[in-house]
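The values are calculated or read from the model by the stated rules, or taken from the named source; none is laboratory data. No experiment lies behind these values; they were computed from the predicted model shown. Every residue, glycine among them, receives a Cβ derived from its backbone with ideal geometry; neighbour counts consider all protein chains shown. Keep in mind that these areas ignore ligands, DNA and RNA; they rest on the heavy atoms of the full protein, side chains included. Shrake-Rupley method; radii C 1.70, N 1.55, O 1.52, S 1.80 Å.
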Amino acid sequence: MRKLNSFILLVTLTMLCPSFALAQIQRTQDSKNKYKLKEVVILSRHNIRSPLSTNGSVLSKMTPHEWTDWTSAASELTIRGGVLETEMGQFFWKWTVAAGLFKENYVPTVDEVNIYANSMQRCIATAQYFSGGFMPVANLTVHHRFVPSKMDPIFNPRLTKTGEAFRAEAMKQINAMGGSEGLTGINKQLKESYDLIAEVLDMKQSEYYKKGEVKDFVFDDTKITLELNREPGMKGALKNANSASDAFILQYYEEPDAVKAAFGHRISREDWTKIAKIKDVYGDVLFTAPVVAVNVAHPLLQYMFDELNSDDRKFTFLCGHDSNIASVNAALGVEEYSLPNSIEKKTPIGSKLVFEKWTDAAGKEYIALNIVYQSTDQLKQMSLLDLQHAPQVFSLKLKGLGQNADGLYTFEDVNGRFTESIRAYDDIK
């Protein structure tokens with residue numbers, strides 16, 4: 001009966017406090033005594049950046065309005081993004097100290113902590129801010145392979161195997177997302193979002209729309225390209241709408257005045273979620289079809305597997321992109337999810353896929369899998385984070401794998417899933 005009551009308390013607290021799954025100090029004493037934190041491996045999306053392009057781009061032509069005066073050059077991390085990432089680093093430091101992984105002001109050996117970023121400015125800078133917040137006295141090195149900004153093959157979500165059989169299977173899986181109408185069906189599912197974003201853009205007032213250079217968002221012009229050694233690509237309305245969705249989301253986070261962020265329109269949080277839905281769907285279409293995911297995520301899956309199986313490693317922070325998290329999740333068979341308290345429902349800005357390795361008294365190892373992210377309010381308000389004011393923590397489920405009473409997977413099962421996903425790459429025709 002005592003064990004049953006402890007489990008009920010565990011479940012109740014998890015429902016009431018979204019950070020409960022991560023913050024060990026909020027667990028029952030039974031749970032604290034049962035497990036010890038041994039290692040953490042994080043795959044992070046960079047924090048707030050400016051849009052990938054503005055002046056002279058389709059994005060700038062879609063609206064008569066001027067986008068926010070960003071604090072960084074195109075595609076680079078903003079000042080706000082740096083502050084928010086420092087806060088996330090501080091939270092993870094407080095948690096790992098509370099969980100007993102590190103001691104206060106600990107300076108790790110080069111083997112114990114690995115900070116590795118894609119060689120894009122926004123990723124390197126995010127990792128630098130995170131490391132400063134995480135271990136401010138340790139002077140951690142942020143590893144990256146190239147001078148900014150160039151894609152590192154580990155993080156580059158490119159297709160390294162293609163062919164007629166692969167393309168046919170990939171398109172079959174992508175089309176299935178739209179039901180019987182395929183890509184057209186996917187676009188039709190976004191009609192409400194398309195209408196809203198065109199209204200907020202005041203697209204029909206753009207001189208380029210009047211000249212015919214910018215067109216309405218239609219349902220039947222989306223084309224997918226799957227070329228060797230390139231990222232999955234797209235042309236058509238969904239791609240153009242995604243550019244606007246991406247810019248609006250970032251502008252909403254960056255600009256304190258929500259009305260100004262919406263170009264003078266007064267729209268609700270639900271409306272912002274509808275605008276963000278375009279970007280979520282765009283990412284799903286390009287990177288989450290299973291055969292595509294195991295292809296583009298292959299080098300990153302191998303790297304993460306090695307980190308999880310490193311004897312000396314205690315903490316790994318890998319900084320990449322939303323496409324990395326989306327493809328890794330899909331390749332590992334993460335069940336469908338929708339994140340609460342965020343306008344981005346899959347891979348919010350600055351979000352982190354967190355693998356926690358725990359050991360019990362007998363030395364058996366377990367994995368907890370969460371996605372950790374700042375809520376939309378935390379991003380806009382730049383809320384200070386600590387164990388009592390934590391970011392959002394959402395538990396992810398792996399298809400076909402069972403969890404124990406404490407919501408943990410065996411390390412053997414998770415290792416096996418990584419191995420299956422890595423080997424699936426070899427089966428691509």
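Convert each backbone phi in region 231-242 into a coupling constant with the Karplus relation 6.51 cos²θ - 1.76 cosθ + 1.60 (shift: θ = phi - 60°), then list the ³J(HN,Hα) values in order as whole Hz, x for Gly and Pro.
Computed from phi, the couplings for region 231-242 are 5, x, x, 8, 10, x, 4, 4, 5, 5, 5, 5 Hz.
Filter the trypsin sites (Lys or Arg not before Pro) in region 260-344 to those in DSSP coil with at most 15 other Cβ atoms within 10 Å of their Cβ, and list the result.
Passing both the DSSP loop test and the Cβ count: Arg266.
Among DSSP bridges having both ends in the chain, what percentage is antiparallel? Round to the nearest 5.
70
Using a Gaussian network for the chain with springs between C-alpha atoms less than 10 Å apart, which of these wobbles most: Pro108, Pro256, Pro340?
Ranking Pro108, Pro256, Pro340 by mean-square fluctuation puts Pro256 first.
Quote the FRET efficiency, to the nearest 0.05, computed for Glu199 versus Asp257 with a Förster distance R0 of 25 Å and r equal to the Cβ-Cβ distance.
In this case the efficiency is close to 0.85.
Can you give the three extents of the C-alpha atoms in region 88-144 along their principal axes, from longest to shortest, in whole Å?
Principal extents (Cα only, largest first): 33, 22, 16 Å.
Take every Cα pair under 8 Å in region 254-362 that's 6+ residues apart, average their separations, divide by the length, and report that relative contact order as a whole percent.
32
Given the C-alpha centroids of region 129-144 and region 358-429, what is the distance between them in whole angstrom?
23
Could you give the angle, 0 to 90 degrees to the nearest 10, between helix 411-426's Cα long axis and the longest principal axis of the Cα atoms of the chain?
Result, in degrees: 40.
Please compute the contact order of region 128-243 in relative form: average sequence separation of alpha-carbon pairs under 8 Å and at least six residues apart, divided by the residue count, as a percent.
This gives 26 percent for region 128-243.
With the cut-off at 1.5 for a/c, could you classify region 252-328 from its C-alpha gyration tensor as rounded, prolate or oblate?
Here region 252-328 falls in the oblate category.
Rounded to whole Å, give me the distance from the Cα center of region 265-312 to that of region 222-253.
Between the Cα centre of region 265-312 and that of region 222-253, the gap is 13 Å.
Can you give the local net charge around Val110? Use residues other than it whose beta-carbon is closer than 11 angstrom to its beta-carbon, Lys and Arg +1, Asp and Glu -1.
My count for the surroundings of Val110 gives -2.
Could you work out what % of the accessible surface of the chain is carbon and sulfur, using a 1.4 angstrom probe and leaving DNA, RNA and ligands out of the count?
For the chain, the apolar C and S fraction of the accessible surface comes to 50 percent.
Residues of the chain: accessible area per residue at 1.4 Å, in Å²?
43
Please list, by residue number, every one of the GluC sites (Glu not before Pro) in region 50-114 that is coil in DSSP and has at most 14 other beta-carbon atoms within 10 Å.
Glu66, Glu104
With 27 Å as the limit, write out which pairs from Lys61/Lys274; Lys34/Lys94; Lys260/Lys345; Lys223/Lys345; Lys215/Lys352; Lys277/Lys429 have Cα-Cα distances beyond it, or answer none.
Over 27 Å apart, Cα to Cα: Lys215/Lys352; Lys277/Lys429.
Net charge near Lys345, counting Lys/Arg +1 and Asp/Glu -1 over other residues with Cβ under 9 Å of its Cβ?
Computed value for this residue: 0.
Return the long-range amide H neighbours of Thr222 (sequence gap of 5 or more, or a different chain), with a cut-off of under 5 Å between placed amide H atoms.
Ala237
Normalised radius of gyration for region 214-293, please: alpha carbon Rg relative to 2.2 N^0.38 Å, two decimal places.
For region 214-293, the normalised Cα radius of gyration is 1.26.
If you fit an axis through the alpha-carbon atoms of helix 121-134 and take the longest principal axis of the Cα set of the chain, what angle between them do you get, 0 to 90°, nearest 10?
Helix 121-134 sits roughly 30 degrees off the main axis of the chain.
For the chain, compute Rh as the Kirkwood radius over C-alpha pairs and then the Stokes-Einstein diffusion coefficient at 37 °C and 0.692 mPa s; write the answer in µm²/s, rounded to an integer.
Result for D is 146 µm²/s.
Classify region 342-429 as rounded, prolate or oblate, taking a ≥ b ≥ c as the square roots of the eigenvalues of its Cα gyration tensor: rounded when a/c is under 1.5, otherwise prolate if a/b is larger than b/c and oblate if not.
Oblate.
So what is log10(I(q)/I(0)) for region 93-245 at q = 0.15 1/Å, when the Debye sum runs over its Cα atoms only?
Taken in order of the listed q values, log10 I(q)/I(0) reads -0.94.
Nearest 10 degrees, 0 to 90: what angle lies between the long axis of helix 298-308 and the longest principal axis of the chain (Cα atoms)?
Value to nearest ten degrees: 20.
Which value in deg cm²/dmol, rounded to the nearest 500, describes the helix-derived mean residue ellipticity at 222 nm for the chain, given -39,500 (n - 2.57) per DSSP H run of n ≥ 4 and division by the residue count?
For the chain, the value works out to -13000 deg cm²/dmol.
Compute a Gaussian network model of the chain, connecting alpha carbons closer than 10 Å, and tell me which residue from Ser327, Ser131, Ser60 fluctuates the most.
Among Ser327, Ser131, Ser60, the largest GNM mean-square fluctuation belongs to Ser60.
Could you grab the relative contact order for the chain? Cα pairs under 8 Å, six or more apart, rounded to a whole percent.
So the answer I get is 24 percent.
What residue among Asn242, Asn139, Asn404 shows peak mean-square fluctuation when the chain is described by a Gaussian network model with Cα springs under 10 Å?
Asn404
Please list, in chain and number order, the residues 5+ apart from Ile367 or on another chain whose amide H is under 5 Å from its amide H, with Hs placed from the backbone.
Trp358, Tyr409, Thr410, Phe411
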